[in-house]
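Below is one structure; the comments refer to it alone.
Taken together, the values in this text are just the output of simple stated rules run on the coordinates, not laboratory data. Treat the numbers as computed from the prediction; the structure is a model and nothing was measured. In this analysis, Cβ positions are derived from the backbone assuming ideal geometry, glycine residues included, and neighbour counts consider all displayed protein chains.
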Amino acid sequence: MAVEASVFGTSREGREICLYTIRGSKGMCAKVMNLGAILVELWVPDAAGKAEDIVLGFDKADTYYGNPSFFGAVIGPNANRIGGATYELDGVNYQLDVNDGENNLHSHAELGYHKRVWDAEVYDNSVRFSLDDPATLGFPGNKSVSITYSVTEENELVLHYHGTSDERTILNPTNHTYFNLNGAGSGKILDHKIKLECTTYTPTVPGSIPTGEIAPVAGTPMDLTSLTRVGDHIDDAFEQLTMAGGYDHNYCIDGWDGSKRLCAEVTSEQSGRTMKVYTTLPGVQFYAGNFIASQTGKNGAAYGKRDGLCLETQYYPDAIHHENFPSPVFGEDREYDSETVYRFESYRG
C-alpha cells in the first residue's frame with residue numbers, strides 16, 4: 001500500500017491542485033484530488049486480472065470547473081434536491097440557490113463542496129480531505145467536514161465522511177461518481193445488471209421532489225430486488241420513469257439502523273467485474289446517467305446519455321420537509337458520521 005502525490009493543476013484562487021494516487025496490493029488504484037475531493041480515476045482488475053479505469057471524468061483539473069454532470073465529486077453541504085429551494089429550521093427560514101427549476105440541487109452549482117479546494121493529509125493507504133465551511137449558501141452553522149478515501153487489501157474503496165457544526169444545520173454529503181464496469185468511455189451501461197437491497201423507494205412529483213410517501217417497489221419497474229438488466233425497464237411507460245427520463249430515484253435501504261449494510265450490487269458480464277456497495281446511510285440514489293451532457297472525457301472519450309451510473313448513498317432527498325424521513329439535521333448534539341464502501345469482485349455468470 002502506498003500513496004503518491006503529484007501536481008495536477010492550479011485552482012481559480014491560485015492554489016495548487018494535487019492528485020493523490022492510492023495503490024492497493026491486488027491491482028486496484030484510486031486517484032483523488034483536493035479540488036472537490038473528486039475521485040478522478042479508479043483502476044480495478046477484470047475477471048482476467050486486467051485493470052481498467054471504470055469511472056467517468058476528465059484529464060485536466062481545470063475541466064472539473066465545468067463538470068455539469070458532477071463526475072466523481074463530493075457533493076455538499078446537501079446532496080440531491082430540496083423542494084422550493086427553501087426550508088425552515090428552528091423557526092428560521094432559509095433561502096437556497098434556485099438552480100433546478102424552482103428547486104435546489106446539490107447545494108450550489110459553483111460554490112458547493114465539489115468546486116472548493118480541500119486540505120489534504122496523506123496516510124499509508126488513504127487520503128483525508130478536510131474543509132471548514134462557514135454559514136453560507138443557506139446552510140447555518142460553522143461546519144468542519146472531512147472525507148477520507150482508503151483502498152483496502154480486499155479491493156475496496158472506502159469513503160468515510162465526518163462533519164460537525166456549531167449550530168443545527170443540514171449535512172448530507174454524497175459522492176457523485178459515475179461507474180462503467182466495462183471501462184470509462186466504453187459505451188452504455190444498459191447491459192449492466194443491478195440489484196438493490198431495497199423493497200421501497202420515495203416516489204416523486206415532476207422536478208424529482210419526493211411526495212413524502214415511502215412506496216413498495218413490488219409489481220412495478222422500480223423493483224430491482226433481484227439482478228436486473230438496467231435497460232430492461234428503464235424506458236417503460238411508467239410515470240415515475242417517464243418523469244425522470246429513466247432511473248433517478250432514492251431507494252430506501254431495507255432494515256436501516258445506522259450499521260453498515262449491503263445496499264447494491266452491479267455486475268458486468270462483459271468485463272467480469274462485480275461492484276457491491278455497503279453503507280451506514282438510509283438511502284441510495286440510483287441514477288442511470290439519463291442526462292449526462294455530451295462532452296469529451298478522459299483520453300478523448302465521447303461521453304453521453306447512460307454512459308455511466310451512480311449509486312449515491314444519502315439521507316433521502318428533501319428530507320427537511322418530511323418528518324417521516326430520517327433527519328439530515330446535525331449540530332452540537334449530533335455529529336455527522338457515515339461510511340460507504342465500494343467492493344470489487346470477479347463476476348462468475
Notebook entry, point to check: Taking neighbour counts of Cβ atoms within 10 Å as a proxy for exposure, in what order, fewest first, do V151, V3 appear?
Noted result: V3, V151
Check: Which far-off residues, 5 or more places away or on another chain, put their amide H under 5 Å from the one on G9, with H placed in the peptide plane?
Finding: I17
Next item on the list: Give me H114, H321 ranked fewest to most by other Cβ atoms within 10 Å of their Cβ, as a rough exposure proxy.
Entry: H321, H114
Checklist line | Too-long pairs where the Cα-Cα distance tops 19 Å, listed order kept, from K60/K276; K60/K298; K115/K143; K26/K276; K31/K305 | finding: K60/K276; K31/K305
Check: ³J(HN,Hα) across the stretch 95-110 via Karplus (A = 6.51, B = -1.76, C = 1.60, θ = phi - 60°), whole Hz, x for Gly/Pro?
Finding: 9, 10, 5, 8, 9, 8, x, 9, 10, 10, 10, 6, 6, 6, 5, 10
Margin query: Based only on other Cβ atoms within 10 Å, what is the fewest-to-most ordering of T202, T148, T211?
Written below: T211, T148, T202
Next item on the list: Name the residues whose placed amide hydrogens come within less than 5 Å of the amide hydrogen of T200, ignoring near sequence neighbours (fewer than 5 apart) on the same chain.
Entry: V217, C252
Checklist line | Alpha carbon centroid spacing (whole Å) that separates the stretch 290-306 from the stretch 28-78 | finding: 14
Notebook entry, point to check: Using the per-residue mean of other Cβ atoms lying within 10 Å as a proxy for protection, in what order, highest first, do the peptides 212-219, 140-147 fall?
Noted result: 140-147, 212-219
Notebook entry, point to check: Under the Karplus relation 6.51 cos²θ - 1.76 cosθ + 1.60, θ = phi - 60°, what is the ordered set of whole-Hz ³J(HN,Hα) values for the stretch 269-283, x standing for Gly and Pro?
Noted result: 5, 5, 9, x, 9, 10, 10, 10, 10, 10, 7, 8, 8, x, x
